[in-house]
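Encoded as structure tokens, the structure appears first; notes follow it.
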């Protein structure tokens, strides 16, 4: 009992020091990290309060979601219609798709190798007390997947958060704008550019809530599952994190060096959006800051506005790696020995069905459950992942953001569009 009291005192001393450090630095990234420390302490010592604080993070994510559709629409239309000719747009789009598919395929392979090497699901049993969530699962044919890409009602697509459909509509709309008379084209281009600026400012106001939302989300997570929950799933968690680190070091880093990416400046530029994505498990929350950061690195807005929204639908490196890893993990728990051919078939199916998955918490679990249904795997083992899904989502979402930031630089270099601007410090890009 005395030892527990000592731990309690030390924990809150650490919280006080973290708060003081955050106050002295007054930096958005630091405050987000400080809020995580505070959230852990609240979740451990005041679990009931931690459960109630979930509403704060929900409010923040709801506000962020209101930004995504108009921001994607404005930036994509500007990115397409703002170009001098559609040939460059088509060329840049083709290069982007090739890059996305190569990188996500490498992520898929690394995920498969990692889970087969670690065998994290072998001999693992479902812990007692794990509650299933009511996640809709529907087995889809390839025709369903294709039809799902195209919107039948853009308002419905926005309401349901179908990012890929919004992207498709925005691309077609942008092409239409590029084809009209110069007089009308200029008006729409100016409108979408202004709309994007307004949405960035809207984000700036919402980001004031970011540290509070992050702390509340962490407090809720710790109060619900505690720290001991990692005992049964520690190997799976370590496997994912190790696989993501390997992916960063063996895939993204060499690509960055190959295109002459200034590594130190790049890390400085993306530090805040990546930490925000890590803490909130939502790459949507980091989108506006990530776009601004890449502009500060000298990537023209027209390239950022075109490549990054596409990347949010086609270049989810962390999510792709996670899905390949998790699908085999489910089979291992179920005692099903999948051949390499079966694993590759299932993972390539995941690559198709995961396109357009929004950067929102647990969206990938719905895809995973749907794939299990399609391949005859039991759904029960999937629910074991729910206990640590937040911790896994933090890592894969961060890699999604890093991958998309790098993609914009690669395509800009490939197109010879880099401006060579001095870096804009993250604190001066969009103040939290």
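Going by average Cβ density within 10 Å per residue, which order do the peptides 331-343, 265-277 take, highest to lowest?
Peptide ranking by packing, descending: 265-277, 331-343.
Given a Förster distance of 60 angstrom, what is the FRET efficiency for residue 238 paired with residue 415, based on the Cβ-Cβ distance and rounded to 0.05? Please report the intermediate quantities before stating the final value.
Numbers: r = 39 Å, r/R0 = 0.65.
The computed FRET efficiency comes out at 0.95.
So, in Å, what gap is there between the alpha-carbon centers of region 231-291 and region 292-353?
A separation of 13 Å, based on Cα centres.
I need the peptides 293-299, 52-58 ranked by packing, meaning the mean over residues of other C-beta atoms within 10 angstrom, with the highest value on top. All intermediate terms of the calculation are to be shown ahead of the outcome.
On the way: 293-299: 24.0, 52-58: 17.4.
Per-residue mean Cβ counts within 10 Å order the peptides as 293-299, 52-58.
Using all Cα-Cα distances in region 224-341, what percent lands in each 10 angstrom bin from 0 up to the longest?
Pairs per bin, as whole percents: 11, 33, 33, 17, 6, 0.
What number in nm² do you get for region 281-326 if you take the convex hull of its Cα atoms and divide its surface by four? Show your work: numbers first, answer last.
Working: hull surface 14.2 nm².
One quarter of the hull surface, i.e. the mean projection, equals 3.5 nm².
Please report 327, 283 as a ranked list, fewest other C-beta atoms within 10 angstrom at the top and most at the bottom. Provide the component values of the computation, followed by the final result.
Working: 327 26, 283 31.
Placing the least packed residue first, the sequence is 327, 283.
How much FRET efficiency would the formula 1/(1 + (r/R0)^6) give for residue 91 and residue 182, where r is the Cβ-Cβ distance and R0 is 30 Å, rounded to 0.05? Write down the numbers at each step before the final one.
Working: r = 22 Å, r/R0 = 0.74.
Efficiency for this residue pair is about 0.85.
Can you give me the distance in nm between label points at residue 246 and residue 98, each placed 7 Å from the Cα along the Cα-to-Cβ direction?
Distance between label points: 2.8 nm.
Could you check the spin-label model distance between residue 348 and residue 12? Points 7 Å from the Cα along Cα→Cβ, value in nm.
Label-label distance for residue 348 and residue 12, simple model: 5.9 nm.
Values quoted throughout were computed directly from the atomic coordinates according to the rules given, and no laboratory measurement underlies them. Quick caveat: nothing in here was measured; it's all calculated off a predicted structure. Reconstructed Cβ throughout: ideal geometry from the backbone, glycine too, with neighbour counts over all protein chains shown.
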